[in-house]
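The values are calculated or read from the model by the stated rules, or taken from the named source; none is laboratory data. Keep in mind that this is a model prediction, so the values were computed, not measured. All Cβ positions, glycine included, derive from the backbone under ideal geometry; neighbour counts span all protein chains shown. These accessible areas exclude ligands, DNA and RNA; they are computed on the full protein's heavy atoms, side chains included. Shrake-Rupley method; radii C 1.70, N 1.55, O 1.52, S 1.80 Å.
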Amino acid sequence: MLVVERHASTSVHPRASGQTPRTMELYRWAGIDEEVLGVSERASQGLRITIASSLAGPVFHRLLEDMSELDLDAAVGLPWGMAGQDVVEPILLARAEKSGAQVRFSTTLTSFEQDAEEVAAQVSPDGGEPYLVRARYLVAADGGRSRIRERLGIPVDGLGAIGHSIGVVFDADLGDRLQPDVTDLYYLQHPEFTGALVNTDVPGRYVFAADYHPERGESVDDFPPERLTKLIRAATDLPELAPEIRWVGAWEMAARVARHFRAGRVFLAGDAAKVTPPTGGMGGNTAVGDGHALAWQLAAVLRGEAGPRLLDAYEAERRPIAELVVNTSLHNAKQRMAPELDLSGVGDPVDQIELTLGFRYRSSAVLIEDDDPRPTENPNAPSGRAGFRAPHVPLGDGRSIVDLLGRGWVVLANGPSWRSATREVAAETGVALQCFEAGQDFGDPQGVFAVRYGLEPDGATLVRPDGIVAWRTGPVPDPAGTLWDVLARVLSR
Ligand SMILES: Cc1cc2nc3c(=O)[nH]c(=O)nc-3n(C[C@H](O)[C@H](O)[C@H](O)COP(=O)(O)OP(=O)(O)OC[C@H]3O[C@@H](n4cnc5c(N)ncnc54)[C@H](O)[C@@H]3O)c2cc1C
């Protein structure tokens, strides 16, 4: 795998701060969850969200006091992460390189062509000669203004731009204005501006954003350090504060979902596929989810385990999530920052915990046998049905059942008939497939496995490499034949 990035390094801005337990699950399977927790001093302490006029001004609403309000014990065995993108990206980079990925910085993709067999991309290193790269597939992870998406002629749906912000990273001593040991996020509805202020992983460093109005002719140039200092003083209620401004940039708060996530051999991922308002912290998390989804599906096809039609599951599964994320974040934006936002025509929000841990995929890569149309369920009372995340079960040794997943296909069996069947099918198909039998291969001290997975004695659940239930069954007369059949269907073989 080759990655080209036109910048000289990973992100210097903390942007996507915070990892959901689902993202931590994906990171655990990649072996980097502890490192990600370790780079954020506030990791275990949590998040506080306040809507106020300014840091010492009237508080309009506290959305979240502390993370223990979110009782997720039955849903997941992993914590939230609180690390920023600036400290997580180097970890992802090292992990990708360890797996053999080549990552070339200061290198821009300038054009590409595709035919039925491959993609040919022209890339241009800064100060060097352009060269051609040929690959079986291209992943456009080139951000919200994706040139690749434009070049493919894929339109975007949604409200589009809903606001513009000047973002500032600054160092200062804010005293006890913010709680140092948690991510302390303030949405500010100040008489002079609407904005946000949050601490970062670096003590004494903060991110501040205030809205500006290009439609009235304003630009970043209208915000010299003196004006930004004035705004930061107003936001913090510290009239003498002398912030050291480290970074300033403009960004657009927008809601856009690409109409298609795929054109031939090219896939859109992350912000290239959808841009969401940051209210909810889901943009970066779902970008990681897109990357993981593409990674396992492309690997399965390239290894010959799956037919190319498996790749149709990517858009079928990820685009509805993108829409839910954007709609929910828009409703959050209206509540937290922009009460005047007109959301008629925008779909209803969904509960953010359900969206994070109780989402449901529908595609050819899951065999759904019920007619429940709801897009999510309460992850604290999981049903174990196909399309949902494989429910968390504590194994009694500090691990979760999730630790058995994520490295291939897994049969979780509630009886003895599945072990030899799984071995037989793995040998015949060459698919990385393992069986774990309750009571034999893993403990279930709380006795919740069969309930959370909805399994009868000698039933079984087939879990995909991304920890999603592909299929569930009661006892069958021919476990090997049935499993072979099911695997062939969900892998489009
Ligand atoms: C102020 C702000 C706050 C945010 N807060 C949160 C949050 O709290 N939680 C959250 O989950 N998300 C948050 N987000 C969103 C999050 O940052 C994005 O969703 C995430 O960065 C998307 O990742 P990406 O890789 O898709 O795109 P990007 O991070 O934009 O990366 C795209 C990369 O592609 C490179 N590139 C583009 N074109 C080319 C080319 N032709 N050749 C080579 N390289 C190219 C760019 O240089 C860029 O580095 C925030 C965003 C902003 C702006």
Next item on the list: Write down Rg/Rh for the stretch 1-160, rounded to two decimals, with Rg from the C-alpha atoms and Rh from the Kirkwood relation over Cα pairs.
Entry: 1.06
Check: Given a 1.4 Å probe and the protein chains all in place, what does the accessible area of Ile245 round to, in Å² to the nearest 10?
Finding: 50 Å²
Notebook entry, point to check: By how many degrees, 0 to 90 and rounded to 10, does the Cα axis of helix 312-336 deviate from the longest principal axis of the chain?
Noted result: 30 degrees
Note to self: If N is the number of residues in the stretch 362-490, what value comes out of its Cα radius of gyration divided by 2.2 N^0.38 Å?
What the structure shows: 0.98
Check: For the stretch 362-490, what % of the accessible area comes from carbon and sulfur atoms, probe 1.4 Å?
Finding: 50 percent
Check: Near Lys230, which aspartates and glutamates are there with a Cα under 18 Å away, not counting those fewer than 8 places off in the same chain?
Finding: Asp171, Asp173, Glu192, Asp211, Glu218, Asp221, Asp222, Glu240, Glu244
Margin query: Just to be sure I follow: if Rg is taken over the C-alpha atoms of the stretch 161-254 and Rh is the Kirkwood radius over the same atoms, what is Rg/Rh?
Written below: 0.95
Check: Normalised by the number of residues in the stretch 362-490, what is the relative contact order in percent for Cα pairs under 8 Å and 6+ residues apart?
Finding: 32 percent
Notebook entry, point to check: If you roll a 1.4 Å probe over the stretch 202-322 with all protein chains in place, what percent of the accessible area is carbon or sulfur?
Noted result: 54 percent
Item checked: Cβ crowding within 10 Å averaged over residues, with 382-394, 424-436 ranked highest first -> 382-394, 424-436
Item checked: Descending semi-axes in whole angstrom, ellipsoid equivalent of the chain, from the Cα gyration tensor -> 41, 28, 20
Note to self: At 1.4 Å probe size, put Asp237, Asp73 in order of accessible surface, largest to smallest.
What the structure shows: Asp73, Asp237
Margin query: Tell me the angle of helix 419-429 to the major Cα principal axis of the chain, expressed in degrees between 0 and 90 and rounded to the nearest ten.
Written below: 80 degrees
Next item on the list: Skip the ligands, DNA and RNA, and give the accessible area per residue of the chain with a 1.4 Å probe, whole Å².
Entry: 44 Å²
Next item on the list: Counting helices only, and only those DSSP H runs with n ≥ 4, report the 222 nm mean residue ellipticity of the chain as the sum of -39,500 (n - 2.57) divided by its residues, in deg cm²/dmol to the nearest 500.
Entry: -8000 deg cm²/dmol
